[in-house]
Amino acid sequence: MRVLAVTHGPSVGAGVFAEAIEGAGHALEEWCVPVATEPPPGEADAVVVLGGGVHPDQEELHPWLLPELDFLRRALAAGTPLLGVCLGAQLLARAGGGRVFRAPEPEIGWLEVELAEPAADDPVLRGLPARFTAFQWHHYSYEPPAGAIELARSVASTQAYRLGEAVWGVQFHPEVTAGQIERWLVEDPEDVADAPALRTETRERIGGWNTLGRELCAAFLHAAELSK
């Protein structure tokens, strides 16, 4: 398959998803939207929409969000398998008609997530533990689009949904590497009250988290193949 990774800056790339995609023998292409407002030519078989330091309703500050939303609406209409992560999940929700908004409180760091009952039969999330500690870094949240099924929640917000048979959004960051977290700490130090504690917890958790992230991406790729 040809898999397109939609990115929003140099520090928010595909992370361990790239390993899973290339390790499965698929071709990975990247579209960094702030740099090139048009995606690479040709149709992607699956699309992964990643995170970023902007918010999903800031098109006045970042006009390139509008062409990306148009691209996502076309991909939804075409039935392209899609997986959104954090900002990507928010943009997919917005493209599908859902509402995005500033969360009552940000979620940053290692926080507990609980699967909802429908996740037990979901082809992408069913491999996750019923409760798990996930890495998060977001100030915004979303309401899943009409018809979407919520698959996970935290105390503060919805955490995952499926729309139709081939579209998923997750608010947490299954793709993130230790190096990416370190770059985010440097870029946004005011977001974290205790950076040394976050670094310590990251060292303890990142290995298992990266294994889970590769498995989640592999499950999405398998679902994308079956949808064709």
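Could you list, in sequence order, the residues of region 72-86 that are crowded, with 16+ Cβ neighbours inside 10 Å and more than 22 Å from GLY15 (Cβ to Cβ)?
The answer is LEU76, and nothing else.
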Checklist entry - Mind checking which residues of region 31-55 are over 20 Å from ALA218 (Cα atoms), in contact (Cβ under 8 Å) with a residue 40 or more places away in the chain and not hydrophobic (A, V, I, L, M, F, W, C)? => result GLY42, GLU43, GLY52, GLY53, HIS55
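Across region 166-179, what is the total count of residues that are crowded, with 23+ Cβ neighbours inside 10 Å and part of a loop (DSSP other than H, G, I, E, B)?
6
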Next on the checklist: Against the definition (closer than 30 Å to GLU201 by Cα, in contact (Cβ under 8 Å) with a residue 12 or more places away in the chain and either crowded, with 21+ Cβ neighbours inside 10 Å or hydrophobic (A, V, I, L, M, F, W, C) (or both)), how does LEU69 come out, yes or no?
Outcome noted: no
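Starting from residues that are within 18 Å of LEU128 (Cβ to Cβ) and in contact (Cβ under 8 Å) with a residue 40 or more places away in the chain, keep the ones in region 149-159 and report whichever is farthest from the chain's Cα centre (by Cα).
The selected residue is VAL155.
Where residues in region 147-165 are in a strand (DSSP E or B) and small (Gly, Ala, Ser), which of them is nearest to ASP188 (Cα to Cα)?
So, considering only residues that are in a strand (DSSP E or B) and small (Gly, Ala, Ser), the one nearest to ASP188 (Cα to Cα) is ALA160.
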Next on the checklist: Return the residues of region 19-41 that are out of contact with any helix residue (DSSP H, G or I) (no Cβ under 8 Å at 6 or more places or on another chain) and either closer than 16 Å to ASP70 by Cα or crowded, with 19+ Cβ neighbours inside 10 Å (or both); say none if nothing qualifies.
Outcome noted: TRP31, CYS32, PRO34, ALA36, PRO40, PRO41
Checklist entry - Tell me, which residue of region 180-227 that is of a type in the set (Gly, Ala, Ser), modelled with pLDDT of 95 or more and surrounded by 14 or more Cβ atoms within 10 Å (Cβ to Cβ) is nearest to the chain's Cα centre (by Cα)? => result GLY213
Next on the checklist: Need the failing condition index for PRO144 against (1) in contact with an Asp or Glu (Cβ under 8 Å, 6 or more places away or on another chain); (2) under 23 Å from GLU19 (Cβ atoms); (3) not in a strand (DSSP E or B), just the number.
Outcome noted: (2)
Next on the checklist: Regarding region 8-30, can at least one residue be identified that is within 25 Å of HIS222 (Cα to Cα), part of a loop (DSSP other than H, G, I, E, B), among the hydrophobic types (A, V, I, L, M, F, W, C) and touching a strand residue (DSSP E or B) at 6+ places or on another chain (Cβ under 7 Å)?
Outcome noted: yes
Checklist outcome for this item: Sole miss for VAL12 among (1) among the hydrophobic types (A, V, I, L, M, F, W, C); (2) modelled with pLDDT of 95 or more; (3) touching a helix residue (DSSP H, G or I) at 6+ places or on another chain (Cβ under 9 Å) is condition (2)
Checklist outcome for this item: Residues in region 84-115 that are part of a helix (DSSP H, G or I), of a type in the set (A, V, I, L, M, F, W, C) and touching a helix residue (DSSP H, G or I) at 6+ places or on another chain (Cβ under 7 Å) total 3
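The values are calculated or read from the model by the stated rules, or taken from the named source; none is laboratory data. Given the structure is predicted, the values throughout are model-derived calculations rather than measurements. Glycine also receives a Cβ, built like all others from the backbone with ideal geometry; neighbour counts cover every protein chain displayed.
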